[in-house]
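Enquirer: Below are the structure tokens for one structure; questions will follow.
The values are calculated or read from the model by the stated rules, or taken from the named source; none is laboratory data. On a predicted model such as this, the values are computed, not experimentally measured, just so you know. Reconstructed Cβ throughout: ideal geometry from the backbone, glycine too, with neighbour counts over all protein chains shown. Accessible surface is based on the protein model in full, side chains and every heavy atom, while ligands, DNA and RNA are left aside. Shrake-Rupley method; radii C 1.70, N 1.55, O 1.52, S 1.80 Å.
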Amino acid sequence: MHPAPSVIIFTTFSGLGFGLLFWLGLGMPAATGWDAFVFFAIAYLGAVGGLLASTFHLGHPERAIKALSQWKTSWLSREGIAAVATLLIMAVFGGGLVLFEMRLLPLGWLGAAGCLATIFTTSMIYAQLKTVPRWNHWSTPALFVALSLGGGALLSGNFEIAILLLLASGALQIFAWMSGDGRFKASGTTMESATGLGHIGSVRAFEPPHTGTNYLMREFIHVVGRKHAMQLRVISMLLGFVVPIALLLGSFNHWLALIAVASHVVGVITLRWLFFAQAEHVVGLYYGKR
Amino acid sequence: MTELPTSTAKKLGLVIDLDTCVGCHACVISCKGWNTENYGAPLSDQNAYSGAASGTFLNRVHSYEVQPPMLRDAPQPAQLIHFPKSCLHCEDAPCVTVCPTGASYKRVEDGIVLVNEQDCIGCGLCAWACPYGARELDAKEGVMKKCTLCVDRIYNENLPEEDRQPACVRTCPAGARHFGDLADETSDVSILVAERGGFDLMPEQGTKPTNKYLPPRPKDAEPEYDILAPYLEPIANDSQGFVSWLDKALSALPGGAK
């Protein structure tokens with residue numbers, strides 16, 4: 001799959017933003033006034049900024065509101081609804097904390113549940129696709145939720161929880177890679193099943209339908225980025241998990257925490273780049289490619 | 001709503017004969033022509049007159065080489081098969097249910113999968129969900145384009161009756177494309193599928209495509225190509241002069257060719 005910057009920015013930053021909002025909704029930390037304002041500002045910057053970035057790849061962003069209508073079948077629509085509802089609920093909750101030092105806890109809990117729902121529905125947009133076997137697995141939503149809550153815990157200063165969740169996310173990520181590497185083969189979709197010509201013999205793409213490229217090849221066949229996949233996996237593991245955990249284990253210092261957050265963000269961006277660049281869509285088979 | 005209908009009155013679709021398709025791409029061109037000039041946003045091209053030309057097509061013809069396994073230790077000749085591919089109007093169309101706006105839908109009356117371009121936000125998720133590459137986002141219009149089964153031809157009473165079929169079927173010079181109702185077991189297309197062993201593409205994806213493909217027929221045994229060979233032997237054996245002497249002299253040497 002083409003690793004579009006808009007989608008990488010969207011999943012990374014809105015994941016972190018909603019992760020932070022989750023902990024704020026639970027009252028961890030129980031900040032009020034200016035402290036609360038700073039926390040909520042960072043969370044909304046991530047969540048709303050990410051959502052806005054995701055509209056950049058739309059052909060008609062001015063019609064985006066229509067995407068809230070098909071919640072019965074569409075995970076993308078459900079995600080839109082969950083995101084908008086959660087941001088509205090948390091705005092009221094955050095407004096109470098910042099302006100009136102008023103803690104409407106049940107509203108915070110509802111908002112935290114909304115954050116979970118938003119992260120989960122985002123991940124299901126990818127996990128639902130049978131056409132991308134690597135994503136079509138329970139580890140996709142598990143990883144999105146763990147990463148989001150882990151990053152949120154890091155941003156909200158819940159360092160013990162952050163260490164545990166980052167450890168869990170790292171382990172889940174390694175599992176997702178190991179199990180995902182063989183999933184295309186296990187899906188049973190091959191050039192033979194794609195063309196239905198397997199009963200005659202082995203199939204080879206002889207001539208593509210056109211001399212140039214096309215939308216499908218640009219969107220679904222991304223071979224270039226896989227070259228350095230192993231190095232990037234190691235780098236993302238170090239930056240996303242090892243460095244932040246090592247920094248958090250020492251004595252607390254605002255600068256070290258900032259470095260831990262920055263390292264984690266770069267690590268997650270690398271993870272998301274790999275998430276798309278390594279995902280192979282079955283349509284590539286029609287072009288003899290993966 | 002993007003819920004799929006539980007059943008459709010008709011299942012209009014195509015049957016494509018891989019045995020007769022000659023790979024001329026006439027269906028590709030007639031499709032692009034009709035669908036650019038008629039219903040919906042035109043199918044745009046980018047850098048059409050350069051080395052990096054690209055454009056939106058609803059129908060594309062791939063060509064595959066299929067290598068049969070060895071038969072009694074003898075290698076078998078490879079077969080070249082031309083393979084037109086467009087929307088298969090699946091019964092369980094994953095492109096429809098993922099659509100967040102309701103722009104994609106499957107018609108209850110005939111099973112055709114269509115996009116309402118006024119509602120499409122161009123998010124591309126339907127193209128992600130389609131295993132066949134049947135949907136392409138138009139780079140100029142920013143909306144999703146796909147085969148309409150020429151819905152503006154097949155019911156169009158302004159056209160002569162013989163033209164009321166998809167442009168690709170009407171234009172095919174080899175008779176490799178057939179259009180009809182695959183829900184009706186007595187229709188020509190259903191009989192064709194039953195007799196020729198029509199199959200689904202990627203059945204493991206669970207999309208239940210309406211369009212069917214007919215397999216290439218088994219090839220005849222190879223004819224005896226050298227039936228004329230004895231008459232084609234070189235006849236100018238009677239060399240003369242120096243060359244003739246050299247020929248004889250070399251043959252006379254030990255190990256020389258006679």
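Enquirer: Name the residues of segment A:121-168, by number, that are at least 40 Å² less accessible with every protein chain in place than in the isolated chain; the surface is that of heavy atoms, probe 1.4 Å, without ligands or nucleic acids.
Expert: Residues shielded by partner chains are A:Leu129, A:Lys130, A:Thr131.
Enquirer: With a ≥ b ≥ c the root eigenvalues of the C-alpha gyration tensor of segment A:1-124, is it rounded (a/c under 1.5), prolate (a/b larger than b/c) or oblate?
Expert: prolate
Enquirer: Would you mind calculating the relative contact order of chain A from Cα pairs under 8 angstrom and at least 6 residues apart, reporting the percent as a whole number?
Expert: 23
Enquirer: Let me ask something else about it. Quick one: angle between helix A:15-25 and the longest Cα principal axis of chain A, in degrees between 0 and 90, rounded to 10, please.
Expert: 30
Enquirer: Amide H neighbours of B:Gly142 under 5 Å, counting only residues 5+ apart in sequence or on other chains, H built in-plane at 1.01 Å?
Expert: Residues meeting the criterion, in which the H sits 1.01 Å from N, do not exist here.
Enquirer: Could you compute the FRET efficiency for A:Leu167 and B:Gln118, with r as their C-beta to C-beta distance and R0 at 35 Å, rounded to 0.05?
Expert: Working from the Cβ atoms, E equals 0.10.
Enquirer: For segment B:104-258, what class follows from the C-alpha gyration tensor (a ≥ b ≥ c being the square roots of its eigenvalues): rounded when a/c is under 1.5, otherwise prolate if a/b is larger than b/c, else oblate?
Expert: prolate
Enquirer: Note the buried accessible area between B and A here, summed over both chains, with a 1.4 Å probe, in Å² to the nearest 100.
Expert: 4800
Enquirer: Rounded to the nearest 500, what is chain A's calculated 222 nm mean residue ellipticity when only DSSP H runs of at least 4 contribute -39500 (n - 2.57) each, over all residues?
Expert: -20500 deg cm²/dmol
Enquirer: Of all accessible surface on the protein assembly as shown at a 1.4 Å probe, what whole percent is carbon and sulfur?
Expert: 64
Enquirer: Do any residues of segment B:200-222 show a loss of at least 10 square angstrom of accessible area between the isolated chain and the full protein assembly, using a 1.4 Å probe, and if so which?
Expert: At a threshold of 10 Å² (probe 1.4 Å), the residues of segment B:200-222 that become less exposed are B:Leu201, B:Met202, B:Glu204, B:Gln205, B:Pro215, B:Pro216.
Enquirer: Now for a separate question. Quick check on segment A:74-190: take the gyration tensor over C-alpha atoms, sort the square-rooted eigenvalues as a ≥ b ≥ c, and tell me if it's rounded (a/c under 1.5), prolate or oblate.
Expert: It comes out oblate by the Cα gyration axes.
Enquirer: Please state the charge dipole magnitude for the protein assembly as shown, taken about the Cα centre, from unit charges on C-beta atoms (+1 on K and R, -1 on D and E), reported in debye and rounded to the nearest 20.
Expert: Its charge dipole is roughly 1480 debye.
Enquirer: Kindly list the residues of segment B:48-89 that lie in the label zone of B:Ala221, defined by a backbone N under 14 Å from the point 7 Å along the Cα-to-C-beta vector.
Expert: Label zone hits: B:72.
Enquirer: Can you tell me which of A:170-176, A:229-235, B:7-13, B:54-60 comes out highest on packing, and rank the rest after it, using the mean Cβ neighbours within 10 Å?
Expert: B:54-60, B:7-13, A:170-176, A:229-235
Enquirer: Please turn the phi angles of segment B:97-114 into ³J(HN,Hα) values with the Karplus equation 6.51 cos²θ - 1.76 cosθ + 1.60 (θ = phi - 60°), one per residue in order, whole Hz, x for glycine and proline.
Expert: Per residue, the Karplus-derived 3J(HN,Hα) values read 6, 7, 5, x, 9, x, 5, 8, 8, 10, 6, 5, 6, 9, x, 6, 8, 10 Hz.
Enquirer: How far apart, in nanometres, would the label points at B:Thr6 and B:Ala249 be if each is projected 7 angstrom from Cα along the Cα-to-Cβ direction?
Expert: With each label placed 7 Å out from Cα toward Cβ, I get 9.9 nm.
Enquirer: Report the normalised scattering of segment A:5-287 as log10 I(q)/I(0) at q = 0.11, 0.15, 0.16 Å⁻¹, calculated by the Debye formula with identical scatterers on the alpha carbons.
Expert: Once normalised to I(0) and log-transformed, intensities are -0.69, -1.15, -1.27.
Enquirer: Where only protein heavy atoms count, and the probe is 1.4 Å, what is the accessible area per residue for segment A:5-287 in Å²?
Expert: On a per-residue basis, segment A:5-287 sits at 43 Å².
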